[in-house]
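These notes concern the structure reproduced below.
The values are calculated or read from the model by the stated rules, or taken from the named source; none is laboratory data. If you're wondering where the values come from, they're calculated on a predicted model, not measured in any experiment. All Cβ positions, even for glycine, are placed from backbone atoms using ideal geometry, and neighbour counts span all protein chains on display.
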């Protein structure tokens with residue numbers, strides 16, 4: 001295949017390799033793989049004084065999965081941002097190391113107490129990673145042009161609302177876990193459909209707000225220097241607020257309600273550049289939270305534990321153990337395998353940041369947050385680079401959703417905000433969140449590929465009329 005033919009088929013030629021960033025992506029992936037493998041070996045050395053065969057097994061599986069993902073990007077999205085995939089790989093790998101480290105601690109505790117040895121979750125997380133990368137590949141295969149998603153905005157909105165409402169319609173034994181009805185439990189598996197509803201509704205939000213941006217930007221009056229929107233234009237934000245309250249009341253899920261409403265208000269602000277929408281959104285959510293506190297026992301309990309965890313020591317063990325773990329880790333941490341993060345309930349899911357803070361310290365916690373910040377920054381950079389309004393708003397919404405979810409999770413662990421039950425993207429154990437976030441990265445890569453792909457060369461102008469060939473046609 002010649003370089004010209006390669007360029008025509010969408011595969012970058014050798015001269016374009018540096019410009020596409022695929023070489024940088026591969027180098028960063030190798031760095032992520034080596035970092036994760038070294039961290040896994042350190043866990044074994046600190047817990048068993050030797051490096052077991054599991055380090056090789058997990059390392060080989062992790063390497064094959066992510067190198068396959070790199071090949072997929074190289075073929076299907078050759079001009080995509082080179083930092084997104086390695087950043088997601090590093091977070092996923094560190095999460096796998098922490099889950100395996102917690103497996104070791106739980107198994108050792110069961111062995112000492114004579115209880116049955118539980119099954120580890122690290123091997124299951126590898127399977128979920130494979131499924132997530134399969135959906136990642138399918139996203140890049142199916143969505144060949146991100147602008148085509150706008151045509152299915154209302155279909156995706158219907159699908160998203162269906163996914164969101166389904167757990168509330170099912171009996172509690174099929175949907176409720178720890179007081180929140182946000183799951184679907186079938187055949188031994190649990191799926192959180194709200195994670196996939198988030199993506200579908202963000203596509204709808206982007207398409208709707210782009211179409212209605214001019215109307216929503218109009219102001220009726222100015223109060224204290226703030227341009228307030230017209231009353232007739234409050235419909236969309238009122239509908240989003242009502243939907244959030246329905247989720248809160250029907251499913252007792254503070255996290256999903258906060259996540260969805262925050263994403264919608266942020267995308268509304270990005271689309272219109274009106275600060276008044278943010279203020280209205282904050283006031284509406286504050287009113288909804290006040291109403292929920294006085295009407296939903298599950299929400300009231302979470303607020304009470306947040307406000308005074310030491311006054312509820314018998315029940316607020318999650319927050320207290322997380323705070324003790326962070327305090328134990330200090331600045332540098334106890335070292336991988338040297339702490340006791342298993343003392344925190346739900347350490348593999350809701351409180352994995354507490355495990356990071358204990359064993360890697362504040363430096364490790366900040367480093368992980370910086371990796372998230374890289375993904376968010378590259379998402380917003382893609383939003384600035386892409387040419388169409390729908391792609392700009394969708395990329396910004398995807399980036400903000402990741403940042404908002406991490407803020408809510410870390411805020412809950414550090415007692416900045418009430419616990420919400422959300423999981424840390426790519427880090428926490430669980431299938432729904434992991435698989436859905438791989439689709440999110442796939443969408444960002446697709447948009448960035450369209451943004452960074454060079455424009456096709458202009459067509460050659462027709463020859464001058466004087467040089468045109470004259471033919472005589474006879475019948």
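Could you say whether any residue in segment 318-332 is within 22 Å of residue 176 (Cα to Cα) and either in a loop (DSSP other than H, G, I, E, B) or out of contact with any helix residue (DSSP H, G or I) (no Cβ under 7 Å at 6 or more places or on another chain) (or both)? Give the derivation first.
To start, the set of residues in segment 318-332 that are within 22 Å of residue 176 (Cα to Cα) comprises 318-319.
Now narrow it down to the ones that are either in a loop (DSSP other than H, G, I, E, B) or out of contact with any helix residue (DSSP H, G or I) (no Cβ under 7 Å at 6 or more places or on another chain) (or both): 318.
Yes, there is a match, as at least one residue in segment 318-332 is within 22 Å of residue 176 (Cα to Cα) and either in a loop (DSSP other than H, G, I, E, B) or out of contact with any helix residue (DSSP H, G or I) (no Cβ under 7 Å at 6 or more places or on another chain) (or both).
Which members of segment 382-403 meet the condition of being farther than 15 Å from residue 264 by Cβ, over 12 Å from the mean Cα position of the chain (by Cα) and in a helix (DSSP H, G or I)? Listed by number, the residues that qualify are 382, 383, 384, 385, 389, 390, 391, 392, 395. Taking residue 28 as the residue in question, decide whether it is without any contact (Cβ under 8 Å) to a residue 60 or more places away in the chain and either over 25 Å from residue 122 (Cβ atoms) or buried (at least 21 other Cβ atoms within 10 Å of the Cβ) (or both). Taking the combined requirement at face value, the residue does not satisfy it. Take the residues of segment 142-172 that are modelled with pLDDT under 80 and assigned to a loop (DSSP other than H, G, I, E, B): which is nearest to the chain's Cα centre (by Cα)? Filtering first and then ranking leaves 170. With respect to being under 27 Å from the mean Cα position of the chain (by Cα) and surrounded by fewer than 13 Cβ atoms within 10 Å (Cβ to Cβ), residue 342 falls outside the description. Quick check on segment 404-421: of everything there that is over 15 Å from the mean Cα position of the chain (by Cα) and without any contact (Cβ under 8 Å) to a residue 60 or more places away in the chain, which residue is nearest to residue 349 (Cα to Cα)? Looking at residues that are over 15 Å from the mean Cα position of the chain (by Cα) and without any contact (Cβ under 8 Å) to a residue 60 or more places away in the chain, I get 411.
Going by the conditions given, is residue 379 out of contact with any helix residue (DSSP H, G or I) (no Cβ under 9 Å at 6 or more places or on another chain) and either in a helix (DSSP H, G or I) or over 16 Å from residue 80 (Cβ atoms) (or both)? Step through it out loud before you land on a result.
Numbers: out of contact with any helix residue (DSSP H, G or I) (no Cβ under 9 Å at 6 or more places or on another chain): no; either in a helix (DSSP H, G or I) or over 16 Å from residue 80 (Cβ atoms) (or both): yes.
Considered against the rule, which asks whether it is out of contact with any helix residue (DSSP H, G or I) (no Cβ under 9 Å at 6 or more places or on another chain) and either in a helix (DSSP H, G or I) or over 16 Å from residue 80 (Cβ atoms) (or both), residue 379 comes out as no.
Scanning segment 173-204 for residues that are touching a helix residue (DSSP H, G or I) at 6+ places or on another chain (Cβ under 6 Å), part of a loop (DSSP other than H, G, I, E, B) and modelled with pLDDT under 80 returns 179, 182, 183.
The number of residues in segment 404-439 that are within 21 Å of residue 98 (Cβ to Cβ) and in a helix (DSSP H, G or I) comes to 17. If you go through segment 298-310 and keep only what is in a helix (DSSP H, G or I) and either touching a strand residue (DSSP E or B) at 6+ places or on another chain (Cβ under 9 Å) or surrounded by 11 or more Cβ atoms within 10 Å (Cβ to Cβ) (or both), you end up with 298, 299, 300, 301, 302, 303, 304, 305, 306, 307. Considering only residues in segment 92-123 that are surrounded by fewer than 16 Cβ atoms within 10 Å (Cβ to Cβ) and outside any helix (DSSP H, G or I), the one that is nearest to the chain's Cα centre (by Cα) turns out to be 119. One residue stands out in segment 160-170 among those that are within 13 Å of residue 195 (Cβ to Cβ) and in contact (Cβ under 8 Å) with a residue 40 or more places away in the chain: the one that is surrounded by the fewest Cβ atoms within 10 Å (Cβ to Cβ), namely 160.
In this structure, does residue 54 turn out to be at pLDDT below 90 and part of a helix (DSSP H, G or I)? Yes; evaluated as a whole, the condition is true for this residue.
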